[in-house]
Amino acid sequence: MQQFLNIVNGETLANGSGRWIDSEDPFTGKVWSQIPQGTTQDAEAAIAAAFDAGSSGPWASMTPTVRGKLLHRLADLIERDAEKLATLEVRDNGKLRAEMLGQVRYLPEYYRYFGGLADKIEGGVLPSDKPDMFTYTRHEPLGVVVCITPWNSPLLLLTWKLAALLAAGNTAVIKPSEFTSASTLAFVALFKEAGFPNGVVNTVTGYGHEIGAALTEHPKVAKVAFTGGDATGKAVYQAAAKGMKHVSLELGGKSPNIIFDDANLDDAVKGAISGIFAASGQSCIAGSRLLVQRSIYKEVAQRVTEFAATAQLGNPMDEATQVGPITTRPQRQKVLEYIAVAKDEGATCLLGGKVPDRADLADGWFVEPTIFGDVTNAMRIAQEEVFGPVLSIIPFEDEEDAIRIANDTIYGLAAGIWTGSIRRAFKMSNALRAGTVWVNTYRAVSFMAPFGGYKQSGLGRENGQDAIYEFLQTKCVWINLAEGVPNPFVLR
Ligand code: NAD
């Protein structure tokens with residue numbers, strides 16, 4: 001049994017509570033490792049370490065150029081340990097090794113991108129309208145940033161916060177999901193080797209309502225950068241408001257993947273599959289609503305169903321596997337409940353809809369790839385995030401109808417459009433209320449591409465050059481060049 005420990009102030013922290021949280025392997029259903037059930041004292045220690053590291057000492061006085069070099073060194077170490085880190089993620093979350101290894105191998109690019117950006121953030125000298133003043137701006141770090149992450153892609157979603165916040169000169173306390181903390185703890189051990197000063201990056205594992213809440217409310221925390229479900233996101237937002245903290249929220253989605261009758265249907269069918277069955281649908285950007293123009297509705301529904309029926313369920317470690325288990329036991333239960341809801345609502349089950357009846361999968365938390373046809377957008381299955389391999393197919397008439405249906409949800413994270421018309425691609429991209437729109441592709445992300453939600457899918461953007469400003473605050477400095485101070489009772 002492997003046990004992982006937290007890292008606070010550059011050292012492993014003994015498990016103060018003496019209580020461990022079991023981490024179960026979603027494929028075998030068996031406990032494979034343990035993480036500490038952190039305490040509020042652990043949270044206190046982690047915040048004190050981060051606060052001190054950001055206030056004085058080597059990190060506080062480090063030039064941005066040197067910070068950038070440290071991020072480059074970290075990137076090299078991730079490259080070296082990619083196989084090991086990816087394996088830990090698969091044991092914890094059951095997603096395909098091919099997917100997790102691809103993600104971990106891509107992480108260094110984020111650290112290099114933001115490492116390069118660190119010393120290119122410039123203040124400005126203002127063309128002041130007051131000739132006896134010299135006025136300039138500086139961009140300064142916020143302070144301690146708490147990063148709270150979910151279980152679906154632990155290191156990728158952490159990196160989307162960490163690379164930018166460190167480049168900006170902040171310090172971090174990380175609270176990974178209690179279901180998938182192992183890879184984060186192994187990853188944070190690399191910071192010391194990369195040469196980061198103690199206390200710059202710290203971890204506290206544990207339950208959200210205990211540790212996540214304690215960190216969010218702590219008065220020394222300047223910002224909470226959160227990825228997770230929308231109900232939790234709202235609770236974090238409210239708690240952070242009490243201390244007037246900065247907040248960024250990356251939440252859920254019910255993203256429309258829209259196929260027009262002028263699309264290349266071979267590509268569109270693959271795009272529909274990739275949108276919902278990759279990662280067993282456990283992706284915030286899952287294209288869980290497939291909107292299909294009525295003239296091709298029957299053909300597309302049939303082709304998507306036939307393609308999905310060929311998906312190989314199996315051990316996520318095997319290269320041949322295409323669909324792995326659901327990450328957590330409660331999440332599988334939730335997916336099965338939504339399938340029951342869709343059936344009750346009158347949607348037609350075209351594929352799957354149950355736990356697979358296979359002896360070799362019996363220990364894992366599998367759900368068959370499931371497709372519902374004849375879904376209307378008012379149904380719960382079309383409105384609520386399932387976070388599993390469940391696709392709803394919804395017919396539409398024309399562009400206006402597609403826009404109306406696509407935007408008729410509380411979410412706005414992502415959208416896909418499949419069309420052969422450039423005019424239509426532009427028109428639809430402009431009209432869709434979503435932070436990311438893909439045309440004739442789906443599920444692409446990059447360190448240089450801003451990512452975030454419209455509406456209740458979140459606040460703020462991660463990745464891309466502007467993301468660094470989410471972790472900076474602007475100071476304006478006024479220097480008086482005049483002799484003496486004029487009338488003190490009048491605004492200058
Ligand atoms: P979750 O909201 O249950 O948990 C997320 C994190 O919040 C965990 O670390 C948890 O311990 C912590 N937490 C729970 N209660 C808390 C509290 N009161 N205060 C502070 N922290 C608390 O989400 P999950 O089930 O782990 O992840 C799935 C969700 O994440 C889905 O809704 C999905 O759409 C969303 N997600 C969004 C994105 C994105 O970038 N938009 C990416 C991945 C996942």
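The values are calculated or read from the model by the stated rules, or taken from the named source; none is laboratory data. Keep in mind that this is a model prediction, so the values were computed, not measured. Ideal geometry is used to build each Cβ from the backbone, glycine not excepted, and the neighbour counts take in all protein chains shown. Side chains are part of the model used for accessible areas, which takes the heavy atoms of the whole protein and leaves out ligands, DNA and RNA. Shrake-Rupley method; radii C 1.70, N 1.55, O 1.52, S 1.80 Å.
Data for the structure
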{"item": "Charge tally in the Cβ shell below 10 Å around residue 205, where Lys, Arg are +1 and Asp, Glu are -1, residue 205 excluded", "result": "-1"}
{"item": "Test item: Cα-centred dipole of region 107-150, Lys/Arg +1 and Asp/Glu -1 on Cβ, debye", "result": "100 debye"}
{"item": "FRET E, pair residue 318, residue 448, Förster distance 30 Å, beta-carbon r, rounded to 0.05", "result": "0.35"}
{"item": "Under 19 Å from residue 343, Cα to Cα: aspartates and glutamates that are on another chain or at least 8 residues apart", "result": "368, 374, 384, 385"}
{"item": "Relative contact order of region 256-439, defined on C-alpha pairs under 8 angstrom at six or more residues apart (%)", "result": "28 percent"}
{"item": "Normalised convex hull volume, region 256-439, alpha-carbon set, Å³ per residue", "result": "109 Å³"}
{"item": "Cross-link partners of residue 84 among lysines (Cα-Cα below 16 Å; sequence separation of 8 or more within a chain)", "result": "95"}
{"item": "Bins of 10 Å, starting at 0 and running to the largest distance - Cα pair percent for region 4-90", "result": "14, 29, 35, 19, 3"}
{"item": "Spin-label model distance (nm) - residue 423 vs residue 410, 7 Å beyond Cα toward Cβ", "result": "3.8 nm"}
{"item": "Paired Rg and Dmax values of region 231-353, which use every Cα atom, in angstrom", "result": "17.7, 54"}
{"item": "Gain in span if fully extended, residue 355 to residue 138, counting 0.36 nm per residue against the direct Cα distance", "result": "72.4 nm"}
{"item": "Residues with amide H under 5 Å from that of residue 13, placed H, sequence gap 5 or more", "result": "6, 7, 8"}
{"item": "Two-decimal ratio, the chain, of alpha-carbon radius of gyration to 2.2 N^0.38 Å", "result": "1.04"}
{"item": "Whether region 140-201 is rounded, prolate or oblate, judged on the alpha carbon gyration tensor where a/c under 1.5 counts as rounded", "result": "oblate"}
{"item": "Linear extension gain, residue 479 paired with residue 121, 0.36 nm per residue minus alpha-carbon span", "result": "126.7 nm"}
{"item": "Long-range amide H partners of residue 21 with built H, under 5 Å", "result": "35, 37"}
{"item": "Residue list for region 375-417, given a label point 7 angstrom along the Cα-to-Cβ vector of residue 348 and an amide N cut-off under 11 Å", "result": "375"}
{"item": "Distance violations [Cα-Cα > 21 Å] among 161/220; 161/254; 120/161; 270/427; 175/223; 220/245", "result": "161/254; 270/427"}
{"item": "Percentage relative contact order, the chain, counting C-alpha pairs under 8 Å, at least six apart", "result": "18 percent"}
{"item": "Model label zone, residue 84; criterion: amide N under 16 Å from point 7 Å along Cα-to-beta-carbon; scope region 145-185", "result": "182-185"}
{"item": "Eligible aspartates and glutamates near residue 475 by straight Cα distance, threshold 13 Å, same-chain separation 8 or greater", "result": "122, 140"}
{"item": "For region 1-106: accessible area per residue (Å², 1.4 Å)", "result": "45 Å²"}
{"item": "Two-site label geometry, residue 231 and residue 431: point separation in nm, points 7 Å out along Cα→Cβ", "result": "3.5 nm"}
{"item": "Label-to-label distance, nm, for residues given as residue 28 and residue 130 (7 Å Cα→Cβ offset)", "result": "6.9 nm"}
{"item": "Rg and Dmax of region 79-133, Cα atoms only, in Å", "result": "21.2, 64"}
